[in-house]
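Participant: One structure is given below, represented as structure tokens, and several questions about it will come after.
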Amino acid sequence: MAEFEHQQNINENISELRNSHKDNDVRRRSRSRSVSRERRRRRSRSNSRDRDRRRRRSTSRDRNSRPERRHKSKPKRISLWDVPPKGYEDITPVQFKALRASGQVEMPTPLSGGVIPATALPQGAQMTMQARRLYCGNLPFGITEDLMIDFFNAKMRESDIAKQPGNPVLACQINLEKNFAFLEFRSVDETTLAMAFDGIILQGQALKIRRPKDYQPIPGLSGETHATHIPGVVSTVVPDTINKVFIGGLPNYLNEDQVKELLSTFGELRAFNLVKDSATGLSKGYAFCEYVDIGITDVSIAGMNGMQLGDKKLVVQRASVGSKTMPAQLTIPGFDMSREITATNVLCLMNMVSAEELMDDEDYDEIFDDIREECSKYGRIRSLQIPRPNQEFLVPGIGKIFIEYATPNEAKSASEALAGRKFANRVVVTSYYDPELYYRSEFS
């Protein structure tokens, strides 16, 4: 019995110990939970404090920066309206506009791309727009609008056809695909005068100057009188006048420069047009021209008509001959058109040498030997004469070469072989010469 009670006491003690341990664990857990809660509260408080501090700082920065922005305000931009040019500060905008409209003030330079400022044109400019424009074709490759403007302004000043100081050409618009341009001038009169530049050479190209298709003449403003001829400029349009010359029978291999060189042996050309096939661009074998000196028209016709050029003979006459309004009859003093041209034993070569090339003795001997060697291939040469300049008296026939063959057939063979060939980059022209005049040394 005593042992049983002793064992029961031991068990009670053990249970009490277990209960105490459980209470301690519970207390520890509750304490740890409270500590973690307290830590979280502290962290949240510190975060909120940091946010408040940041807000205060940002607010203070904004407040400090606002006064600086007020002090750095941009100055007001100066107006560009009615700013007077240099030298015109003392007049009002209305007075300046009136001076510019009357032409007393030079027009401003066009903007890039050929666009004209609206204020650059005088009053009524829109009404005369079509009369102040010119078509310009056959432009050289790579030409720009600025180069075109500068070129024509310089040429008009050089030719003294500008009506007033300043630049006559205001703008240029180029169509690169179709290779043409439109030039705009400041006045109708200067536009009409600029028509004289038709055929002028620009970078190796002969420009074609025409009126636009929508051109409408303005009564009292655009007279269609022809401008004064400009030396060195050969127009590409030959007007229908009594002085218009027709040249037929041209070999197709001759280009414009070669035919012009042939015609220029008689005098300076005012206008020239070699008719070409629109599809192939090749010569159709005939051309028209007009000379500056109309007095040499008949002389040139007499000198070239019937001329052997390669395997063809030239037909040269006034263009009005054979037209529907005039009878096909041509009378030239001292020249019978109906007479058949017969070959002689004296052949005359033209357009081969110039007077300057014959001045030096060594050059003269080289030219003489070169011509004699080539011409002897077609027959027996009896004599050869090349008139050369003399300072003491006038020598006729300078620029021509006279060759006496043994027979007319040999001269004919030489003419057919040499005509149309090039000597010193010139097209050779041949004709037969009167033997009696040759023997008397009467060269012409």
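The values are calculated or read from the model by the stated rules, or taken from the named source; none is laboratory data. Because the structure is a prediction, the values reported are computed rather than measured. Quick reminder, even Gly has a Cβ in these numbers, built from the backbone with ideal geometry, and neighbours come from all protein chains shown.
Participant: Tell me whether the range 370-381 contains one or more residues that are under 30 Å from residue 250 (Cβ atoms), among the charged types (D, E, K, R) and assigned to a loop (DSSP other than H, G, I, E, B).
Facilitator: Going through the range 370-381, the residues under 30 Å from residue 250 (Cβ atoms) turn out to be 370-379, 381.
Right, trim to among the charged types (D, E, K, R) and you get 370, 372-374, 377.
Pick out the ones that are also assigned to a loop (DSSP other than H, G, I, E, B) and you get none.
So far as the range 370-381 goes, no, none of its residues is under 30 Å from residue 250 (Cβ atoms), among the charged types (D, E, K, R) and assigned to a loop (DSSP other than H, G, I, E, B).
Participant: Now a separate question. Go through (1) at pLDDT 85 or above; (2) small (Gly, Ala, Ser); (3) assigned to a loop (DSSP other than H, G, I, E, B) for residue 271 and report which single condition fails.
Facilitator: That leaves (3) as the condition not met.
Participant: While we're here: Among the residues of the range 282-329, count how many are modelled with pLDDT under 80 and more than 20 Å from residue 235 (Cβ to Cβ). Show your work before the answer.
Facilitator: Restricting attention to the range 282-329, the residues satisfying the condition of being modelled with pLDDT under 80 are 308-312, 320-329.
Now narrow it down to the ones that are more than 20 Å from residue 235 (Cβ to Cβ): 308-312, 321-329.
So the count comes out to 14.
Participant: For the range 174-197, indicate whether the set of residues that are in contact with a Cys (Cβ under 6 Å, 6 or more places away or on another chain) and outside the structural domain of residue 270 (by TED's automatic domain parsing) is non-empty. Write out each step before concluding.
Facilitator: Residues of the range 174-197 that are in contact with a Cys (Cβ under 6 Å, 6 or more places away or on another chain), as a first pass: 181, 183.
Subset that is outside the structural domain of residue 270 (by TED's automatic domain parsing): 181, 183.
Within the range 174-197, one or more residues are in contact with a Cys (Cβ under 6 Å, 6 or more places away or on another chain) and outside the structural domain of residue 270 (by TED's automatic domain parsing).
Participant: Where residues in the range 411-425 are surrounded by fewer than 19 Cβ atoms within 10 Å (Cβ to Cβ) and in contact with a helix residue (DSSP H, G or I) (Cβ under 7 Å, 6 or more places away or on another chain), which of them is modelled with the highest pLDDT? Please lay out each step first, then the result.
Facilitator: Step one: filter the range 411-425 for residues surrounded by fewer than 19 Cβ atoms within 10 Å (Cβ to Cβ), giving 413, 416-417, 421-425.
Filter once more, keeping what is in contact with a helix residue (DSSP H, G or I) (Cβ under 7 Å, 6 or more places away or on another chain): 413, 417.
On the way: 413: 90, 417: 83.
Looking at the filtered set, the residue picked out is 413.
Participant: Can you pull out every residue in the range 168-196 that is crowded, with 18+ Cβ neighbours inside 10 Å and among the aromatic types (Phe, Trp, Tyr)?
Facilitator: 185
Participant: Residue 233 - would you say it is surrounded by fewer than 17 Cβ atoms within 10 Å (Cβ to Cβ), modelled with pLDDT under 85, of a type in the set (A, V, I, L, M, F, W, C) and under 26 Å from the mean Cα position of the chain (by Cα)? Break it down stepwise before answering.
Facilitator: Values: surrounded by fewer than 17 Cβ atoms within 10 Å (Cβ to Cβ): no; modelled with pLDDT under 85: yes; of a type in the set (A, V, I, L, M, F, W, C): yes; under 26 Å from the mean Cα position of the chain (by Cα): yes.
No; evaluated as a whole, the condition is false for this residue.
Participant: Within the range 215-230, can you find the residues that are polar (S, T, N, Q) and either within 18 Å of residue 196 (Cβ to Cβ) or modelled with pLDDT of 80 or more (or both)? Explain how you work it out, then say what you get.
Facilitator: First, the residues of the range 215-230 that are polar (S, T, N, Q): 216, 222, 225, 228.
Hits for the range 215-230 are 222, 225, 228.
Participant: Looking only at the range 384-408, count every residue that is part of a loop (DSSP other than H, G, I, E, B) and out of contact with any Leu (no Cβ under 6 Å at 6 or more places or on another chain) and tell me the total. So that I can check it myself, show each step before the final result.
Facilitator: Start the filter on the range 384-408 by keeping residues that are part of a loop (DSSP other than H, G, I, E, B), which leaves 386-400, 406-407.
Checking the rest, the ones that are also out of contact with any Leu (no Cβ under 6 Å at 6 or more places or on another chain) come to 386-387, 389-400, 406-407.
Going through the range 384-408 one residue at a time, the tally reaches 16.
Participant: Could you grab the pairs with beta carbons closer than 7 Å, sequence gap of 6+ or different chains, first residue in the range 277-292 and over 17 Å from residue 244 (Cα atoms), second one β-branched (Val, Ile, Thr)?
Facilitator: Listed by first residue and then by second, the contacts come to 284/275.
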